[in-house]
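The values are calculated or read from the model by the stated rules, or taken from the named source; none is laboratory data. Since we're looking at a predicted model, the values are computed, not measured. Please note: Cβ atoms are built from the backbone with ideal geometry, for glycine as well, and neighbour counts cover all protein chains shown.
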Amino acid sequence: MRKLIVVVFWISFGLTVASFGGALHGLGDSLAVFRHWWAIGLSASSLLMLGGHMRSAGLGALVVVLAVAPMASGHLTPDTNGAPRYSLYQKNLLYNGSAPGDIIADIQDLAPDFVTLEEVSRRNRHIFDTLSRGYPSHLFCKFAGVGGVAVLSKWPVIEGSENCAGEQGLAAMQVQTPDGPVWVGALHLHWPYPHSQSKQVANLVAAMGFLKGPVLLGGDFNMVPWSHTLRQFERATGSDRAGRVLRTFKHDTFPLRLPIDHILTPEGQGTLELRGLLGSDHFGVLARFDL
C-alpha cells in the first residue's frame with residue numbers, strides 16, 4: 001500500500017506540474033483541462049505520505065496550492081454592480097442541434113447587442129439567417145466540417161472591417177457604438193493536443209494584428225480559463241476573460257462539464273449568465289458589461 005501511495009503521488013505530481021507547460025507543448029494545455037483531478041490525486045497522496053515522506057508531502061502540498069489558486073479565483077470572481085449598457089450572447093449551436101427555434105427565441109427575448117455563434121452549419125444556418133433580420137451588421141465565415149463562425153451586432157459595422165482571418169475559426173468586424181468603435185469577434189478552436197489546437201492558435205494569434213482598439217471576443221475555445229491558450233488570446237486582443245468560471249460544455253455520454261466557452265472584454269469587465277443547452281451540447285453564455 002505504501003508503494004502504491006508513492007506511485008500515485010509521483011504520477012499526480014508529474015501530471016499537475018506538466019499541466020503548467022502549455023507554453024512549451026500543446027500537451028500541457030490538454031493536461032490543464034483536467035488539472036483539478038490531478039490536484040485531487042496529489043492532495044490525497046500527499047496527506048497519506050505525511051508520516052514517512054515529509055519533504056515530498058510538503059512539495060506536493062505546495063504544487064496543489066499553485067494548481068488550485070487560479071481555478072479557485074476564477075470561480076470566486078464577484079459580480080460587478082450597476083446596470084451595464086451592453087450585452088453579448090455566446091453560443092455553440094452544435095452542427096446538428098435539435099432545437100433551433102428555442103435558440104432563436106432565447107436570443108430574441110434577451111435582445112443582446114452582440115451575438116457570437118459557432119458550428120453554423122447547413123442544418124442550422126437558418127438560425128443565423130433569422131437572427132440577421134434583427135441585426136443589421138453581421139458576418140459569417142467558413143471554418144471546419146462542423147460549421148462556420150458568425151458574429152452579429154445591433155450597431156453599424158465600420159465599412160471594410162470585416163475579416164475572416166483566413167477561415168481559421170475567427171469572424172471579426174469593427175462596429176460603431178455610442179461609446180466609440182469596438183471589435184466584435186466569434187472564435188472556434190479545435191480540440192487540444194493531440195488535435196490541432198496549438199497550430200491553429202499560433203496562426204490566429206499571428207493574424208490578429210488587425211484588431212486595433214477595444215475587443216470583444218466570444219467563442220468556444222475548447223480550453224479552460226487557466227490555460228496558456230487563454231492567456232495568448234488575452235494578450236493578442238488586449239482583453240481579459242469576463243466573469244466567473246462557468247462550466248459550459250456537457251458531454252452527451254459521460255458526466256463531464258467543462259468551462260471551455262468564454263467571453264473576453266476590455267479589462268475583463270462584466271458579469272456572466274448561463275443560458276440553456278437548447279438542443280446543443282454547449283450552454284449559452286450571456287455577458288453584460290460596459291465599454
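Among the residues of the range 244-254, is there at least one that is surrounded by fewer than 22 Cβ atoms within 10 Å (Cβ to Cβ) and at positive phi? Among the residues of the range 244-254, not one is surrounded by fewer than 22 Cβ atoms within 10 Å (Cβ to Cβ) and at positive phi, which makes the answer no.
What do you reckon, is ASP106 in contact (Cβ under 8 Å) with a residue 40 or more places away in the chain and either part of a helix (DSSP H, G or I) or not assigned by TED's automatic domain parsing to the domain that holds LEU216 (or both)? Taking the combined requirement at face value, the residue satisfies it. Scanning the range 20-47 for residues that are touching a Ser or Thr at 6+ places or on another chain (Cβ under 7 Å) and either hydroxyl-bearing (Ser, Thr, Tyr) or part of a helix (DSSP H, G or I) (or both) yields GLY26, GLY28, ASP29, LEU31, ALA32, ARG35, TRP38, ALA39, GLY41, LEU42, SER45. SER98 meets the conditions (1) under 30 Å from LEU31 (Cα atoms); (2) at pLDDT below 95 in every case but one. The failed one is (1).
Kindly provide the set of residues from the range 255-268 that are surrounded by fewer than 17 Cβ atoms within 10 Å (Cβ to Cβ) and either of a type in the set (Lys, Arg) or out of contact with any His (no Cβ under 9 Å at 6 or more places or on another chain) (or both), ordered by number. Hits for the range 255-268 are PRO255, LEU256, ARG257, GLU267, GLY268.
Being part of a strand (DSSP E or B), buried (at least 19 other Cβ atoms within 10 Å of the Cβ) and touching a residue at least 40 places away in the same chain (Cβ under 8 Å), is that true of even one residue in the range 221-240? Taking every residue of the range 221-240 in turn, none turns out to be part of a strand (DSSP E or B), buried (at least 19 other Cβ atoms within 10 Å of the Cβ) and touching a residue at least 40 places away in the same chain (Cβ under 8 Å). The number of residues in the range 260-291 that are within 12 Å of LEU110 (Cβ to Cβ) and not β-branched (Val, Ile, Thr) comes to 7.
Each row is one residue, and each column tells you yes or no for (1) closer than 16 Å to VAL151 by Cα; (2) touching a residue at least 40 places away in the same chain (Cβ under 8 Å).
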site: HIS188; (1), (2): yes, yes
site: VAL201; (1), (2): no, no
site: LEU211; (1), (2): yes, no
site: LEU217; (1), (2): yes, yes
site: VAL245; (1), (2): no, yes
site: PRO266; (1), (2): no, yes
site: GLY276; (1), (2): no, yes
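Of all residues in the range 8-43, count the ones that are more than 26 Å from ILE260 (Cβ to Cβ) and in contact with a helix residue (DSSP H, G or I) (Cβ under 8 Å, 6 or more places away or on another chain). Give the steps one after another, and end with the answer.
The initial filter retains those residues of the range 8-43 that are more than 26 Å from ILE260 (Cβ to Cβ), namely 8-10.
Right, trim to in contact with a helix residue (DSSP H, G or I) (Cβ under 8 Å, 6 or more places away or on another chain) and you get 8-9.
Matching residues across the range 8-43 total 2.
Of the residues screened, TYR89 is not one that is farther than 18 Å from LEU217 by Cβ, outside any helix (DSSP H, G or I) and of a type in the set (Ser, Thr, Tyr).
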